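Trainee: Before I ask anything, here is the structure I am working with.
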Amino acid sequence: SGVMAIHFGVTSIGVPLWVADHTDAPTVLVSLLLVVNTVYVALFQVRASRGTHDIATAGRAVRGAGFLLLAACILFAGAAYTGPVFATCLLLLAALAASAAETRGEAGSWGLAFELADQERAGAYQGVSQMGYALAHMLAPLVVTATAIDHGTGGWMVLGALFAVTGILTAVLARHAAAARAGDQAQRSEYVASETPV
């Protein structure tokens with residue numbers, strides 16, 4: 001979750017610097033991209049969270065977010081190679097992809113954080129989960145500038161690959177956790193059945 005949360009730095013730090021210094025798009029577009037993100041999240045966050053109370057579904061949501069962030073990074077990089085109009089179109093598409101990733105990724109991450117927590121120590125689990133977000137917010141400016149801003153297209157590709165790989169790994173771990181939980185529940189059911197007098 002912490003690695004995926006670095007995408008907040010892409011929106012707040014990477015995109016403004018990229019638009020202003022590396023594309024021919026008008027700098028006023030930065031504000032529009034933030035509005036697009038805000039409106040998209042406000043409209044679709046609840047819908048995106050449907051089903052993420054299931055561990056495996058939550059993992060798939062994070063995986064999907066990783067691929068959407070990869071697509072957004074490719075689009076952001078591509079905006080540097082076109083004129084103002086096409087760059088604006090690519091940046092808007094990238095903002096939509098990043099916003100969709102945010103809604104799906106956050107829904108999945110929250111689902112995993114709640115469903116995988118030990119019910120007797122839920123506060124401790126949530127504290128560790130939120131620590132990942134705090135670290136992400138602290139490291140995001142460094143990660144985003146050291147990849148996308150300093151190295152252009154190659155840096156965007158590295159950043160996008162980081163998100164995609166993290167999403168894939170999250171889905172794999174979630175699938176294993178769901179299978180382990182199902183196995184534990186089956187064992188408990190068998191134990192209860194064996195202890196129940198006939």
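The values are calculated or read from the model by the stated rules, or taken from the named source; none is laboratory data. Bear in mind the structure is a predicted one, so any value in this text is a computation, not a measurement. Note: ideal-geometry Cβ built from the backbone for every residue, glycine included; neighbour counts use all protein chains shown. We work out accessible area using only protein heavy atoms, side chains counted, and drop any ligands, DNA or RNA first. Shrake-Rupley method; radii C 1.70, N 1.55, O 1.52, S 1.80 Å.
Trainee: Within the group SER1, SER99, which residue is in a helix (DSSP H, G or I) and polar (S, T, N, Q)?
Mentor: SER99
Trainee: Hey, another quick one. Enumerate the pairs (first residue in segment 1-28 and over 15 Å from ALA97 (Cβ atoms) and open to solvent by less than 10 Å² (accessible area, probe 1.4 Å); second residue anywhere and part of a loop (DSSP other than H, G, I, E, B) and modelled with pLDDT of 95 or more) with beta-carbon separation below 6 Å, excluding pairs fewer than 6 apart on the same chain, so at least 6 apart or on different chains.
Mentor: Note: pairs meeting the criteria are VAL19/ALA25.
Trainee: Confirm whether LEU91 is within 17 Å of the chain's Cα centre (by Cα) and buried (at least 18 other Cβ atoms within 10 Å of the Cβ).
Mentor: no
Trainee: Is it true that some residue in segment 168-177 is in contact (Cβ under 8 Å) with a residue 40 or more places away in the chain, out of contact with any Pro (no Cβ under 6 Å at 6 or more places or on another chain), surrounded by fewer than 18 Cβ atoms within 10 Å (Cβ to Cβ) and not aliphatic (A, V, I, L, M)?
Mentor: yes
Trainee: If you don't mind, another one. State all residues of segment 70-86 that are touching a residue at least 24 places away in the same chain (Cβ under 8 Å), in a helix (DSSP H, G or I) and over 14 Å from THR153 (Cα atoms); if no residue qualifies, say none.
Mentor: Of everything in segment 70-86, just one residue is touching a residue at least 24 places away in the same chain (Cβ under 8 Å), in a helix (DSSP H, G or I) and over 14 Å from THR153 (Cα atoms), namely PRO84.
Trainee: For LEU91, all conditions in the list (1) touching an Asp or Glu at 6+ places or on another chain (Cβ under 8 Å); (2) under 25 Å from THR23 (Cβ atoms) hold save one; what is the number of the exception?
Mentor: (1)
Trainee: Same structure again: From the list VAL62, VAL35, VAL41, VAL46, exactly one residue is in contact with a Gly (Cβ under 6 Å, 6 or more places away or on another chain), more than 20 Å from TRP156 (Cβ to Cβ) and assigned to a helix (DSSP H, G or I). Which is it?
Mentor: Criteria check complete, one pass: VAL62.
Trainee: While we're looking at this one, here's another question. Suppose we keep only residues that are at pLDDT 85 or above and β-branched (Val, Ile, Thr) within segment 103-146. Which one would you say is farthest from GLY167 (Cα to Cα)?
Mentor: THR145
Trainee: Restricting the search to segment 46-55, which residues are within 13 Å of PHE114 (Cα to Cα) and surrounded by 20 or more Cβ atoms within 10 Å (Cβ to Cβ)?
Mentor: THR52, ILE55
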